[in-house]
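Okay, structure first, notes after.
The values are calculated or read from the model by the stated rules, or taken from the named source; none is laboratory data. Everything numeric in this text was worked out from a predicted model, so none of it was measured. Cβ: placed from backbone, ideal geometry, glycine included. Neighbour counts: every protein chain shown. Just so you know, the surface numbers come from the protein's heavy atoms only, side chains and all, with ligands and any DNA or RNA stripped out. Shrake-Rupley method; radii C 1.70, N 1.55, O 1.52, S 1.80 Å.
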Amino acid sequence: MTDSALRKKPAQARSRARYEAILAAAKALIAEKGSDTVKMSEVAEQAGVPIGSVYQFFPDKGAIIQTLAEDYMEQVRAGLREEVKSITDKESAGALIARLMDSYYAFFLMEPVARDIWCGTQADKRMQDIDIEDSRLNGEIFFAALKPLTPRAAWKSLKTDCFLMMQLTGAAVRLAVALDRKEGDRIIDAYKGMLLSKLMQNLGS
């Protein structure tokens, strides 16, 4: 993947429809054969558009993958913003962490495109940076929700832990989906226990 900048997202309805068709075609091809072997010409053919239209929106395949990754990240972030509203005390915070881990794991088990993109994240510097920034933003959302429940003296540590938790969660899920299902389930359960223990420590329990 290159560091080429993404083209500007189209505003007109016709261009927007073509843009979405290209992304949908890329998703279908990645699900079928993996991102490594997908070619821009195949995306154009699958989307039913001229190859020039693909390059009009995306300078290279890396830009398509980056766009798909950022779309998935925003979906997860939007869900997290809603979920943290349920936090009212330590118990609800712990329950939310367990629930989020289960749903995040399930999401990657059921979404081959997201799994393909995330498993390849560490092989590309640009995607690593995007992944880290995503963890930082998600960590800030969680930190803001837990802050009222945490002693002021622990705020700095809590903020770091929330960032680290989000980054390590991605790594834990990538590991779990790479294993057979039973072992993957055990990895997620063990990781949830570690998160909950650290959370209670921060919250003064």
Exercise. Taking the Cα centre of the range 118-205 as origin and charging only Cβ (+1 Lys, Arg; -1 Asp, Glu), how large is the dipole, in debye to the nearest 20?
Worked result: 320 debye
Exercise. What does the convex hull of the Cα atoms of the range 99-155 come to per residue, in Å³, rounded to a whole number?
Worked result: 96 Å³
Seminar exercise, completed: Taking only the alpha-carbon positions of the range 146-205 as identical scatterers, the Debye log10 I(q)/I(0) at q = 0.15, 0.22, 0.26, 0.29 Å⁻¹ comes out as -0.50, -0.83, -1.00, -1.13
For this session: Would you mind telling me which residue in Gly170, Gly48, Gly139 has the biggest mean-square fluctuation in a Gaussian network model of the chain, where springs connect alpha carbons within a distance under 10 angstrom?
Result: Gly48
Exercise. Could you name the lysines in cross-link range of Lys39, using Cα to Cα under 16 Å and dropping any fewer than eight places away on the same chain?
Worked result: Lys27, Lys61
Problem set entry | Solvent-accessible area per residue for the chain (1.4 angstrom probe, square angstrom) | 53 Å²
Problem set entry | Given charges at Cβ of Lys, Arg, Asp, Glu: the chain dipole, positive-most of Ser15, Ala153, Pro112 | Ala153
Problem set entry | Choice from Met110, Met73, Met40 with maximal GNM fluctuation in the chain (Cα, 10 Å cutoff) | Met110
Seminar exercise, completed: For the chain, longest principal axis from Cα atoms; helix 155-178 axis from its Cα atoms; angle between them, nearest 10 degrees, is 50 degrees
For this session: When a/c is below 1.5 the answer is rounded, else prolate if a/b is larger than b/c, else oblate, so apply that to the range 96-203 with a ≥ b ≥ c taken from the square roots of the Cα gyration tensor eigenvalues.
Result: oblate
Exercise. Where does each of Lys156, Lys192 land when they are ordered by accessible area, with a 1.4 Å probe and the largest first?
Worked result: Lys156, Lys192
Seminar exercise, completed: Its Cα gyration tensor gives the chain an equivalent ellipsoid whose semi-axes in whole Å, largest first, are 36, 19, 14
For this session: Using a Gaussian network model of the chain whose springs link C-alpha atoms within less than 10 Å, name the residue from Asp124, Asp189, Asp180 with the highest mean-square fluctuation.
Result: Asp180
Exercise. So how far, in whole Å, is the C-alpha centre of the range 8-28 from the one of the range 87-149?
Worked result: 27 Å
Exercise. Share of the range 1-95's accessible area from carbon and sulfur, percent, 1.4 Å?
Worked result: 50 percent
